[in-house]
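Asks: Below: one structure in structure tokens.
The values are calculated or read from the model by the stated rules, or taken from the named source; none is laboratory data. Everything numeric here is computed off the predicted structure, so don't read it as measured data. No Cβ is skipped: glycine too gets one built from the backbone with ideal geometry, and neighbour counts run over all protein chains shown. For the accessible areas, the whole protein counts, side chains as well, though only heavy atoms, and no ligand, DNA or RNA atoms are used. Shrake-Rupley method; radii C 1.70, N 1.55, O 1.52, S 1.80 Å.
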Amino acid sequence: QVELVQSGGGLVQPGGSLRLSCETSGAMLALLDIGWYRQTPGKQRDLVAFQTEDGKTTIEDSVRGRFAISRDHPKNTAYLQMDSLKPEDTAVYYCRGSRGQWEYWGNGTQVTVSS
């Protein structure tokens with residue numbers, strides 16, 4: 001059974017930083033494409049950053065230069081580093097691991113950017 005367990009959300013002031021973690025179990029992180037998504041109430045879940053298993057990375061325009069995706073294979077953990085946070089980054093953030101037809105979602109973590 002594959003599980004993705006997220007951690008690292010919380011409340012931060014504008015301009016601050018957070019790092020979200022997504023630990024995989026039941027599947028090797030190295031074999032998964034990893035996506036980070038975010039969702040606000042009443043809206044669809046949007047892709048923020050994506051990294052293929054071989055390291056090709058795509059960052060959505062509104063966060064490019066502020067967010068970065070990375071992974072630590074020995075720890076089976078993927079990260080989303082978020083810097084220069086803005087109030088509009090407030091959302092529930094989800095990680096998604098995928099390989100072929102299979103996809104697995106994390107439990108979600110709230111990020112609130114407010115003074």
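Asks: Would you mind finding the one in SER98, SER84 that is open to solvent by 40 Å² or more (accessible area, probe 1.4 Å) and in contact (Cβ under 8 Å) with a residue 24 or more places away in the chain?
Replies: Numbers: SER98 fails: open to solvent by 40 Å² or more (accessible area, probe 1.4 Å).
That would be SER84, the only listed residue that is open to solvent by 40 Å² or more (accessible area, probe 1.4 Å) and in contact (Cβ under 8 Å) with a residue 24 or more places away in the chain.
Asks: Could you check, for the stretch 67-80, whether at least one of its residues is open to solvent by 50 Å² or more (accessible area, probe 1.4 Å) and on the phi > 0 side of the Ramachandran plot?
Replies: For the stretch 67-80, residues open to solvent by 50 Å² or more (accessible area, probe 1.4 Å) and on the phi > 0 side of the Ramachandran plot: absent.
Asks: Out of everything in the stretch 26-58 that is among the hydrophobic types (A, V, I, L, M, F, W, C) and at pLDDT 95 or above, what residue ends up being most open to solvent (accessible area, probe 1.4 Å)? Quick ask: steps written out before the conclusion?
Replies: We begin by selecting, within the stretch 26-58, every residue among the hydrophobic types (A, V, I, L, M, F, W, C); these are 27-32, 34, 36, 47-50.
Okay, now just the ones that are also at pLDDT 95 or above, so 34, 36, 47-50.
Numbers: ILE34: 2, TRP36: 0, LEU47: 76, VAL48: 3, ALA49: 1, PHE50: 47 Å².
Residue satisfying both the conditions and the ranking: LEU47.
Asks: If we scan the stretch 9-19, do we find a residue that is out of contact with any His (no Cβ under 8 Å at 6 or more places or on another chain), modelled with pLDDT of 95 or more and within 12 Å of CYS95 (Cβ to Cβ)? Show your work before the answer.
Replies: Going residue by residue through the stretch 9-19, those that are out of contact with any His (no Cβ under 8 Å at 6 or more places or on another chain) are 9-19.
Within this subset, residues satisfying the condition of being modelled with pLDDT of 95 or more are 10-19.
Still in the running and within 12 Å of CYS95 (Cβ to Cβ): none.
Looking for residues that are out of contact with any His (no Cβ under 8 Å at 6 or more places or on another chain), modelled with pLDDT of 95 or more and within 12 Å of CYS95 (Cβ to Cβ), one finds none in the stretch 9-19, hence no.
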